[in-house]
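First the structure, in the form of C-alpha cells, and then the observations on it.
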Amino acid sequence: MNDKEFAKQKARVVKIAGWWIDQLWLRGWNVEVKCHRGPWVGMRDAGAGFVVPADITCHWQYAEARININLEEVKDLSKEKLEKVLLHELCHAIVNEMRYWEEDHSHEERVVTHMTRAFITVRDHSRGKEKGLLDIY
Ligand SMILES: [Zn+2]
C-alpha cells in the first residue's frame with residue numbers, strides 16, 4: 001500500500017471511528033486510532049483461520065483506548081462492513097471493565113457483537129432505512 005492509498009484509507013477509518021465515538025458518548029475518552037499497513041506487533045490470534053482486521057486495547061480506569069487496524073485487511077470493505085468492524089471495537093471500550101472477572105472474554109465478544117448489530121439497527125432506523133416498531137403504529 002503506497003502512501004497515498006494509506007492516507008486515503010486512514011482518513012476513511014478516522015472519519016467513521018470519529019462519528020461512532022460521538023454516537024457512543026466516548027468523546028470523554030482518549031481513543032487513539034492506530035492505522036497499520038499490515039499485522040501489528042502484539043496482534044491477537046483469532047484462531048480457526050480468521051484474520052483480525054482490528055483490535056482494541058483499553059485502560060477503562062483511565063478512559064483510554066487504542067484501536068489497532070490493519071488497513072490492508074479493510075481497504076476493500078464496504079463502508080457498512082468497515083463501520084461494523086470499528087463499532088465492534090468501540091463497544092469493547094464500553095464493556096471492557098467487565099473483563100476484570102474472567103480470563104476468557106468470549107462472553108464479552110458475544111455481548112459486543114450483539115451491541116454492534118443493535119446500534120447499526122438503531123442508526124438505520126433513525127435514518128429511515130428500516131421499519132421499526134414505532135413505524136407500525
Ligand atoms: Zn471483539
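The values are calculated or read from the model by the stated rules, or taken from the named source; none is laboratory data. This is a predicted model, so every value here is computed, not measured. Heads up, the Cβs are rebuilt from the backbone with ideal geometry, glycines too, and the neighbour counts pull from every protein chain shown.
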Just wondering, is there one or more residues in region 33-40 that are over 13 Å from GLN9 (Cα atoms) and at pLDDT 95 or above?
no
Hey, among LYS84, LYS15, which residue is part of a helix (DSSP H, G or I), under 15 Å from the mean Cα position of the chain (by Cα) and farther than 16 Å from MET115 by Cβ?
LYS15
When you go through (1) closer than 22 Å to ASN2 by Cα; (2) within 11 Å of the ligand (Cβ to nearest atom); (3) more than 11 Å from the chain's Cα centre (by Cα) one by one for VAL111, which number turns out not to apply?
(1)
Of the residues in region 43-66, those that are within 14 Å of the ligand (Cβ to nearest atom), more than 11 Å from the chain's Cα centre (by Cα) and among the hydrophobic types (A, V, I, L, M, F, W, C) number 7
For region 87-108, which positions are exposed (fewer than 13 other Cβ atoms within 10 Å of the Cβ) and either in contact with a strand residue (DSSP E or B) (Cβ under 6 Å, 6 or more places away or on another chain) or in a helix (DSSP H, G or I) (or both)?
GLU97, TYR100, TRP101, SER106
Scan region 11-21 and tell me whether some residue there is surrounded by fewer than 14 Cβ atoms within 10 Å (Cβ to Cβ) and among the charged types (D, E, K, R).
yes
Checking MET1 against (1) at pLDDT 95 or above; (2) touching a Leu at 6+ places or on another chain (Cβ under 9 Å), which test does it fail?
(1)
Inside region 77-90, can you point out the residues that are in contact with a helix residue (DSSP H, G or I) (Cβ under 8 Å, 6 or more places away or on another chain) and under 13 Å from TRP29 (Cβ atoms)?
LEU90
